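**Student:** Can you read through this structure? Questions will come right after.
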Amino acid sequence: MRHLLSIASAAFTAALFFGPAFGQGLVEPPGGASSVWDTTRGGELYDEWWAVIEAPEPTDTHPAYPAEGKKSGATTWRCKECHGWDYRGKEGAYGSGSHYTGIRGIERMHGAPVNNIIRILRDDTHRFTPDILSDQAVQKLALFVTQGQIDTDLYIDRGTKLARGDAANGARYFQTVCAVCHGYDGKNFNFGSDAEPEYVGTVASENPWEALHKIRFGQPGVGMVALGALDIETLIDILTYAQHLPTE
Ligand code: HEC
Ligand code: HEC
């Protein structure tokens, strides 16, 4: 309890210095965490977890990352780099191309007991030891794996990459929620470069699985809203609308 209080007061002090964005940390919400919040934070950790917990970025390449893989360094520590945005690893979008690792997905662990997943994350393959990810963090990741995963094939056509939602309904949400930060055309932030710009429309069209993951769980460490509490049909509608936004 004292430990929790000191975390809470550190968070309060930090909030004074760093402003509201600090709420992105792993500090528990007052009054206790909802299961949606826990699972949502787990989904956010599936990406660049160090940005979520404000830890230093890894400098080495993950020991389980295959030698024939094309990536190196910090990105190889992201769950998504080995298991994919569609959670299907080599059987999904990462079955070929620059993200290929030959590693299986995590979809078989949907519904598995939390403790089994925690054991996997702490094992000699994953090496997410407590000094890297706290018990709180691995618990949230395990909740995401067992409860937060969805079968993306139900909502996104794998061949055409088109989301199967209602764009008109999605527009209502995009324009009242997302546009505040991204603009009505989704172009306020360029996630790419001047030469190869990337906007909400680009990600939604080219990597709908990543866009959906981020709509549900947010973007690590930047204070993007996470809409995981809404029903999945609404989120697919938002994704469908985002696929109509300009890509360049
Ligand atoms: C560097 C690559 C790599 C990273 C990063 C990685 N994993 Fe894995 N993961 C593996 C490998 C390899 C296996 C074992 C696959 C096998 O048995 O063929 C595995 C297996 C799993 C399994 C069991 C899947 C099954 O069906 O048995 C789960 C769950 C899992 N990982 C979750 C995660 C989560 C959550 C993260 C992020 C915190 C993560 N992994 C990060 C490589 C990785
Ligand atoms: C409170 C502000 C805010 C809101 C609201 C918001 N976002 Fe974001 N979003 C951000 C920021 C900041 C980034 C990271 C920008 C960067 O890296 O340059 C981001 C990143 C993204 C990315 C990731 C791009 C990438 O490849 O890294 C996508 C996709 C995205 N947002 C879509 C959405 C959608 C769709 C909505 C509405 C459901 C939404 N965002 C709502 C602030 C917001």
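Just so you know, all these numbers are worked out from the coordinates, no wet-lab data involved. Model, not experiment: these values are computed from the prediction. All Cβ positions, glycine included, derive from the backbone under ideal geometry; neighbour counts span all protein chains shown.
**Student:** What's log10 of I(q)/I(0) for the chain at q = 0.12 Å⁻¹, Debye sum over Cα points only, no solvent?
**Tutor:** One equal scatterer on each Cα of the chain leads to -0.73.
**Student:** Right, here's the next one. Over the Cα atoms of region 154-242, how large are the radius of gyration and the largest Cα-Cα distance (Dmax), in Å?
**Tutor:** 12.3, 37
**Student:** Quick one: length gained pulling Gln175 to Leu162 fully straight, 0.36 nm per residue minus the C-alpha distance?
**Tutor:** 2.6 nm
**Student:** If you don't mind, another one. Taking the Cβ of each residue in Lys214, Lys70, Lys140, Lys80 as the centre, tally the other Cβ atoms inside 10 Å and list the residues starting with the fewest.
**Tutor:** Ranking Lys214, Lys70, Lys140, Lys80 by Cβ neighbours within 10 Å, fewest first, gives Lys70, Lys80, Lys214, Lys140.
**Student:** Quick one: if you stick a label point 7 Å off each Cα along the C-beta vector at Glu248 and Asn188, how many nm between them?
**Tutor:** Rounded to a tenth, the inter-label distance reads 2.5 nm.
**Student:** Sticking with this one: Find the centroid of the Cα atoms in region 58-81 and in region 202-240, then give the distance between the two in whole Å.
**Tutor:** So the separation of the two Cα centres works out to 24 Å.
**Student:** Which value, in debye to the nearest 20, describes the size of the charge dipole of region 154-242 about its Cα centre when Lys and Arg Cβ atoms bear +1, Asp and Glu Cβ atoms bear -1, and nothing else is charged?
**Tutor:** It works out to roughly 160 debye.
**Student:** What is the percent of Cα-Cα separations in region 34-149 that go past 26 Å?
**Tutor:** Value for region 34-149 (Cα pairs over 26 Å): 12 percent.
**Student:** I would also like to ask the following. With Rg and the Kirkwood Rh both taken from Cα atoms, where does Rg over Rh land for region 194-248?
**Tutor:** 0.99
**Student:** By how many nm would the segment from Ala195 to Ser96 grow when fully extended, if each residue of separation counts as 0.36 nm and the alpha-carbon distance is taken off?
**Tutor:** Full extension from Ala195 to Ser96 adds 33.1 nm.
**Student:** Ok, one more. Would you look at the GNM of the chain, springs on alpha carbons closer than 10 Å, and say which of Val180, Val114, Val225 moves the most?
**Tutor:** Of Val180, Val114, Val225, the most mobile in the Gaussian network model is Val180.
**Student:** Now for a different question. Just to be sure I understand the model, the point goes 7 Å from the Cα along the line to the Cβ. What's the resulting Leu230 to Glu206 distance in nm?
**Tutor:** Those two pseudo-labels are separated by 2.5 nm.
**Student:** From the Cα trace of region 163-215, what convex hull volume per residue do you get, rounded to a whole Å³?
**Tutor:** 77
**Student:** Sticking with this structure for a sec: Rounded to the nearest 500 deg cm²/dmol, what is the calculated helix-only ellipticity per residue at 222 nm for the chain, with -39500 (n - 2.57) per DSSP H run of length n ≥ 4?
**Tutor:** -10500 deg cm²/dmol
**Student:** If you place +1 on the Cβ of every Lys and Arg, -1 on the Cβ of every Asp and Glu, and leave all else neutral, what size is the dipole of the chain about its Cα centre, to the nearest 20 Debye?
**Tutor:** In total the dipole reaches around 420 debye.
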